[in-house]
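These notes concern the structure reproduced below.
The values are calculated or read from the model by the stated rules, or taken from the named source; none is laboratory data. Owing to the predicted nature of the structure, the values given are computational and were not obtained by experimental measurement. Please note: Cβ atoms are built from the backbone with ideal geometry, for glycine as well, and neighbour counts cover all protein chains shown. Heavy atoms of the whole protein, side chains included, go into the accessibility calculation; ligands, DNA and RNA do not. Shrake-Rupley method; radii C 1.70, N 1.55, O 1.52, S 1.80 Å.
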Amino acid sequence: YEPEFPPAAMERERAAMLAAARERELQSLPAAGIEARRILFAGTGFQNPAGGSAASLATLDAADLPRQWADLRFGANMVAGVFGDFDPDAVRARLEDCFGRLDARAPAAQRPQDRWTKLPAGQRSDIRRPKEQAVLVVLFPTDGLHDPDATAIDLIDEACDDMGSRIFQRIREEQGLA
């Protein structure tokens, strides 16, 4: 299977992604998240926003996508999710037919292993914006997805996630502090 990357379609998608990246970079909370990733994962691919940055998307061209596809199309990089009423043997055979010839090896990927434990205590990064509202993002080390406290940390993250979160609503609406 060799996908096609028509230049006109690629340019439309790049332009839409570029506009979204510029918008993220202008908004306080998304910009703080981008800065947090930069700090936590400096020097690895994880420091970059998943949707790209305005700088990276501005230089993207149609020749980049086939190269990226070739670099990442390894069997070990793929996950298939199949839902509904189906014949497992037929699906397995179809997946094997479509993807079975892919190289099973996994490319060397940059992983953030133990990166967060090397952060200096008290590191601070300020992003100044001409706005009347401030955003505070606090980063703290955890033991990762397999830690017994991962579910509790996910709940805290969800409760504090954005300006529509329960904790923000309480601070602003009930206590009048924001």
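Of the set (1) assigned to a helix (DSSP H, G or I); (2) at pLDDT 85 or above; (3) in contact with a helix residue (DSSP H, G or I) (Cβ under 7 Å, 6 or more places away or on another chain), all apply to Phe46 but (2).
The numbered conditions (1) more than 20 Å from the chain's Cα centre (by Cα); (2) at pLDDT 80 or above are all true for Gln68 except (1). Among the residues of the range 1-34, those identified as more than 30 Å from Val135 (Cβ to Cβ), assigned to a helix (DSSP H, G or I) and either basic (Lys, Arg) or open to solvent by less than 70 Å² (accessible area, probe 1.4 Å) (or both) are Ala8, Ala9, Met10, Arg12. Scanning the range 35-57 for residues that are open to solvent by 60 Å² or more (accessible area, probe 1.4 Å) and either touching a strand residue (DSSP E or B) at 6+ places or on another chain (Cβ under 6 Å) or among the hydrophobic types (A, V, I, L, M, F, W, C) (or both) returns Phe46, Ala50, Ala55.
Determine whether Ile34 is touching a Leu at 6+ places or on another chain (Cβ under 8 Å) and more than 19 Å from Pro66 (Cα to Cα). The answer is no for Ile34.
Taking the stated definitions as given, is Asp114 at pLDDT 75 or above and open to solvent by 80 Å² or more (accessible area, probe 1.4 Å)? Answer is no for this residue.
If you go through the range 143-172 and keep only what is at pLDDT 75 or above and over 23 Å from Pro30 (Cβ atoms), you end up with Asp147, Pro148, Asp149, Ala150, Thr151, Ala152.
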